[in-house]
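Have a look at the structure below, then the notes.
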Amino acid sequence: MTFTPKILNFLDRTGFRLLILAIPVGIVAGFGALAFYFATNSVEHLMLGKIGNFHPPLEGTPESSFTHFIDSLSFPYRWCLFLLPALGGLLSGWLVYTFAPEAEGHGTDAAIEAFHRKGGVIRGRVPIIKTFASVITIGTGGSAGREGPIAQIGAGFGSFMATKLGLSAQDRRLLLMAGMAGGIGATFRSPLGGALFAAEVLYRDPDFEHEGLIPCIISSIIAYSLFGAITGWAPLLDTPLFLFNKPSELLLYLGLGIICALFGVFYVKFFYGMRDLFRQLALPNWLKPALGGLLLGILAMFVPQVLGSGYGWVQAALYGQMALWVMLVVAIAKVVATSLTISSGGSGGVFAPSLVIGAMLGGTFGATAEILFPMLVQDPRAYVLVGMAGFFAGVSNAPVATLIMVSELTGNYSLLAPLMLVCVVAMIVMRKNSIYEKQVASRFDSPAHLGDFVIDILEGVKIQSIAAKGSKPTLIPEGMTLPDILDKIAPAKTSYYPVVNAEQQMVGIFSMTDIRRILNDDIPPTLVIAGDIATRNVITATPDECLTDVMKKLTARNLDEIPVVATDTPQQVLYMMSRRSLLAHYAEQMEKTKTDYQRT
């Protein structure tokens with residue numbers, strides 16, 4: 001029974017506890033990513049491929065064997081395809097709202113909220129329900145991605161393991177992050193990007209949860225290795241050889257960054273506007289994803305490219321096999337499709353749809369720029385890749401993680417300079433908007449870090465500096481009888497009463513608790529005097545003591561009040577200082593520090 005705690009204590013002393021625990025989290029996240037990957041592909045092949053006869057281009061296919069998508073849908077199959085997202089929405093909605101309502105929507109937000117506001121706690125059933133619901137949603141053509149579900153799967157196991165081992169809330173949050181990193185790093189074959197994403201996506205401002213970065217890296221490496229060993233090591237998307245050696249082209253990339261941000265604002269507003277609209281509908285919650293799926297099916301009758309994750313269309317754009325107007329239509333239609341799928345209560349991530357939208361937007365911009373500024377544009381297809389990163393960096397407020405992830409999932413690092421520019425510009429322009437509404441501005445605003453920035457706020461502050469918060473002492477002569485004592489303390493505002501001798505020197509102290517104890521005894525009140533009630537061992541403070549030390553004295557003895565005495569005359573009581581007054585000062589300084597921080 002004591003074996004596990006002993007091991008944990010040893011690991012804690014050596015500083016390796018979280019690093020070791022990140023290993024099983026990474027293993028489970030890797031196997032979870034594999035299970036989710038094969039399950040999604042199987043359902044998608046059955047529902048869209050076999051039943052719907054829908055065969056979009058595949059991501060990762062080499063350009064030499066890549067062919068144009070040919071719309072070979074016959075009329076009966078088109079109608080069947082039209083109904084599949086509605087069927088998926090119906091099954092997914094029933095599953096989620098029956099067993100785990102918090103599994104609706106995109107799971108990354110749920111993990112972010114658990115980190116900030118729930119002590120890292122995720123109900124054990126949530127990842128399971130999220131997995132099945134997302135497999136159904138994506139497999140039947142829902143416009144959603146794998147990032148949200150797999151983030152919740154990994155995060156859920158990290159939270160579960162920390163809870164079972166009796167770890168602190170802080171450790172549970174860090175293992176939750178490690179689970180997110182492992183799932184995302186494996187699914188998108190991006191070990192470094194997955195680790196950085198888990199640490200960066202928690203905040204709207206440029207900030208990182210740096211304490212969890214190393215556990216995230218360990219988990220991500222292990223999960224990625226397991227996933228790659230089974231599915232292969234090739235990047236998710238195959239890209240032509242892009243080069244950047246024309247600095248003047250950065251002007252166009254700057255424009256792309258601004259366009260990505262402005263379109264991102266539209267995306268976020270539309271996404272959450274659609275959610276609010278669905279919430280107002282007088283329908284049972286479990287039926288709303290079916291309605292969203294039905295509307296998605298109608299849209300897919302005219303723009304079939306909106307179905308599923310859409311990575312194949314990004315691959316087509318990277319190869320230059322999509323017309324300008326088609327990319328523009330798909331970019332707009334994908335915003336609508338994603339909102340219909342997820343904002344209605346469907347289950348799935350927003351990463352994949354955002355990449356598709358950004359890729360189509362970038363491709364449209366690149367093709368237009370080539371027409372208008374042919375001397376500046378080296379390769380219009382490069383804007384597809386940069387647009388992918390810039391758009392998601394803007395809507396997620398995670399520029400560093402995004403540019404690394406896009407580089408890793410495409411295997412292309414030659415466009416780092418444009419990627420950095422576009423991602424940062426998009427993030428700056430979109431700063432106050434995010435597709436992840438559970439993000440907080442910074443670590444300072446996170447309930448998970450409440451008090452971190454003012455932990456030493458009482459350190460170095462002398463008690464004399466807050467003497468005005470003290471109370472005038474009610475001094476009780478040591479020979480005063482109990483009836484007189486009760487008359488004297490009745491109007492008093494303090495909780496403790498110093499007992500003094502004839503020279504007004506403190507010889508003891510008592511509290512209301514001591515009075516109640518005496519009243520319960522069978523002793524005539526006139527025979528009880530203050531000297532009999534008082535405790536002689538008095539805990540005191542001096543004006544030159546730090547507030548930190550005073551607070552420790554109050555806490556150690558569970559006192560509500562402490563007498564402050566003169567430094568050179570320890571028996572002379574100057575005033576009484578309460579624990580409440582110290583906490584009020586602490587709260588005032590915290591609020592002041594927070595206000596100053598926000599101004600900067």
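The values are calculated or read from the model by the stated rules, or taken from the named source; none is laboratory data. If you're wondering where the values come from, they're calculated on a predicted model, not measured in any experiment. Reconstructed Cβ throughout: ideal geometry from the backbone, glycine too, with neighbour counts over all protein chains shown.
Quick one: which residue in Leu403, Leu361 is at pLDDT below 95, farther than 17 Å from Leu243 by Cβ and either assigned by TED's automatic domain parsing to the domain that holds Ile138 or not charged (D, E, K, R) (or both)?
From the options Leu403, Leu361, the qualifying one is Leu403.
Of the numbered conditions (1) surrounded by 18 or more Cβ atoms within 10 Å (Cβ to Cβ); (2) out of contact with any Asp or Glu (no Cβ under 8 Å at 6 or more places or on another chain), Phe242 satisfies every one except a single condition; which is it?
Of (1) surrounded by 18 or more Cβ atoms within 10 Å (Cβ to Cβ); (2) out of contact with any Asp or Glu (no Cβ under 8 Å at 6 or more places or on another chain), only one is false for Phe242: (2).
What residue, of Leu277, Leu283, Leu262, Leu256, is buried (at least 17 other Cβ atoms within 10 Å of the Cβ) and of a type outside the set (Lys, Arg)?
None of the others qualify; the one that does is Leu256.
Could you name every one of the helices (runs of 4 or more DSSP H) located completely within segment 240-330 that has at least 1 residues being more than 29 Å from Ser414 (Cβ to Cβ)?
Hits in segment 240-330: 250-280, 288-302.
In segment 246-292, how many are farther than 29 Å from Ser92 by Cα, free of Cβ contacts under 8 Å to residues at least 24 places away in the same chain and among the polar types (S, T, N, Q)?
Final tally of qualifying residues: 0.
Only one of (1) over 30 Å from Arg443 (Cα atoms); (2) of a type in the set (D, E, K, R); (3) under 54 Å from the mean Cα position of the chain (by Cα) fails for Arg579. Which number is that?
Against the list (1) over 30 Å from Arg443 (Cα atoms); (2) of a type in the set (D, E, K, R); (3) under 54 Å from the mean Cα position of the chain (by Cα), Arg579 comes up short only on (1).
Tell me yes or no: at least one residue of segment 527-534 is assigned to a strand (DSSP E or B) and not hydroxyl-bearing (Ser, Thr, Tyr).
Among the residues of segment 527-534, at least one is assigned to a strand (DSSP E or B) and not hydroxyl-bearing (Ser, Thr, Tyr), which makes the answer yes.
Considering only residues that are within 27 Å of the chain's Cα centre (by Cα) and not in a helix (DSSP H, G or I), look in segment 214-236 and name the one that is surrounded by the most Cβ atoms within 10 Å (Cβ to Cβ).
Among residues in segment 214-236 that are within 27 Å of the chain's Cα centre (by Cα) and not in a helix (DSSP H, G or I), the one surrounded by the most Cβ atoms within 10 Å (Cβ to Cβ) is Leu236.
Filter segment 487-510 down to the residues that are in contact (Cβ under 8 Å) with a residue 60 or more places away in the chain and assigned to a strand (DSSP E or B), then identify the one that is surrounded by the fewest Cβ atoms within 10 Å (Cβ to Cβ).
Checking each candidate, the answer is Val507.
Does Thr98 fit the bill of being more than 19 Å from the chain's Cα centre (by Cα), surrounded by fewer than 20 Cβ atoms within 10 Å (Cβ to Cβ) and not in a loop (DSSP other than H, G, I, E, B)?
Considered against the rule, which asks whether it is more than 19 Å from the chain's Cα centre (by Cα), surrounded by fewer than 20 Cβ atoms within 10 Å (Cβ to Cβ) and not in a loop (DSSP other than H, G, I, E, B), Thr98 comes out as yes.
Does Gly345 satisfy the criteria of being touching a helix residue (DSSP H, G or I) at 6+ places or on another chain (Cβ under 7 Å), crowded, with 24+ Cβ neighbours inside 10 Å, outside any helix (DSSP H, G or I) and touching a residue at least 24 places away in the same chain (Cβ under 8 Å)?
Yes, satisfied.
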